[in-house]
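Reviewing the structure listed below.
The values are calculated or read from the model by the stated rules, or taken from the named source; none is laboratory data. Predicted, not measured: the structure shown is a model, and the values here were computed from it. Cβ atoms come from the backbone with ideal geometry, glycine included; neighbour counts cover every protein chain shown.
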Amino acid sequence: MAHRILIIEDEEDLVATLAYNLEREGFETVGATLGHDGVDLATGTPTPDLILLDLMLPDMPGTEVCRQIRADARTRKVPIIMVTAKSDEIDRVVGFEVGADDYVVKPFSVRELLLRIRAVLRRAQPIAQREDALSLGRLRIDIPAHKVWVEEEAVRLTALEFKLLQTFVERKGRVQTRDSLLSDVWGMEADITTRTVDTHVKRLRDKLGPAGTYIETIRGVGYRFQTEPSED
Ligand code: CA
């Protein structure tokens, strides 16, 4: 089914251009040139799959439109890409204060926008439907979103632990020496020793619980992620 994109933007030429290009790419579009119309369309039926929201609208700020959309249970999780003319507003827009999922800065290319839209839609999809979620026995990994599940239970990893796991998984079945892990994961910092690798692998295994055994110790050499991790 085609994804439906709501465009809230007061520049009618831009709305027309975006609608034309998005529809050519197989999206359905609906447009609003005022913030309050945008909120009505967002919270009405059918709910859009994604909202492109201009920051500067004639009747109300885009940030307020975003807050109202986020405050409504029906649209709380609909991804919002903010369109802004000023790059210095980005931190505020994408940060906690407003809660947009991504942004583009005017002027932007249609190609860039399409990439953002596809990435945001992919992230918003339930894990079970995603092609980029890797399934390895009891372990599921969503590399772009940096998320990990063991038996459908989310596991919280630090950025470093995630990078370590990703490195293992990308080379599963192949032995990774401590030195190669050090340079690939830590980037060869002078004050880090190979014992650091062991400490982090242990911590990662602990966090992965029943999937921790997928990382095997190869005595005297390093580690290896099992070629075919089993579910038993
Ligand atoms: Ca505007």
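Limited to the stretch 58-73, what total is found for residues that are within 16 Å of the ligand (Cβ to nearest atom), in a loop (DSSP other than H, G, I, E, B) and free of Cβ contacts under 8 Å to residues at least 40 places away in the same chain?
First, pick out the residues of the stretch 58-73 that are within 16 Å of the ligand (Cβ to nearest atom): 58-66.
Of the ones still in play, those that are also in a loop (DSSP other than H, G, I, E, B) are 58-61.
If we keep only those that are free of Cβ contacts under 8 Å to residues at least 40 places away in the same chain too, we end up with 59-61.
Count: 3.
Quick one: which of 14, 34, 50, 55 is within 13 Å of the ligand (Cβ to nearest atom) and crowded, with 21+ Cβ neighbours inside 10 Å?
Values: 14 fails: crowded, with 21+ Cβ neighbours inside 10 Å; 34 fails: crowded, with 21+ Cβ neighbours inside 10 Å; 50 fails: within 13 Å of the ligand (Cβ to nearest atom).
Selected residue: 55, the only one of 14, 34, 50, 55 that is within 13 Å of the ligand (Cβ to nearest atom) and crowded, with 21+ Cβ neighbours inside 10 Å.
Restricting to the stretch 146-159, and then to whatever is loosely packed, with under 14 Cβ neighbours inside 10 Å and modelled with pLDDT under 90, can you tell me which residue is farthest from the chain's Cα centre (by Cα)?
Taking the stretch 146-159 and keeping what is loosely packed, with under 14 Cβ neighbours inside 10 Å, we get 146, 151-154, 156, 158-159.
After this cut, where a residue has to be modelled with pLDDT under 90 as well, the list is 146, 151-153, 159.
Values: 146: 8, 151: 21, 152: 18, 153: 18, 159: 14 Å.
This residue is 151.
Can you name the residue in the stretch 37-47 that is part of a loop (DSSP other than H, G, I, E, B) and touching a residue at least 12 places away in the same chain (Cβ under 8 Å) and is also surrounded by the fewest Cβ atoms within 10 Å (Cβ to Cβ) among such residues? Working first, answer last.
Applying the first criterion (part of a loop (DSSP other than H, G, I, E, B)) to the stretch 37-47 yields 44-47.
Retained after the next criterion (residues that are touching a residue at least 12 places away in the same chain (Cβ under 8 Å)): 46-47.
Numbers: 46: 8, 47: 16.
Out of the qualifying residues, it is 46.
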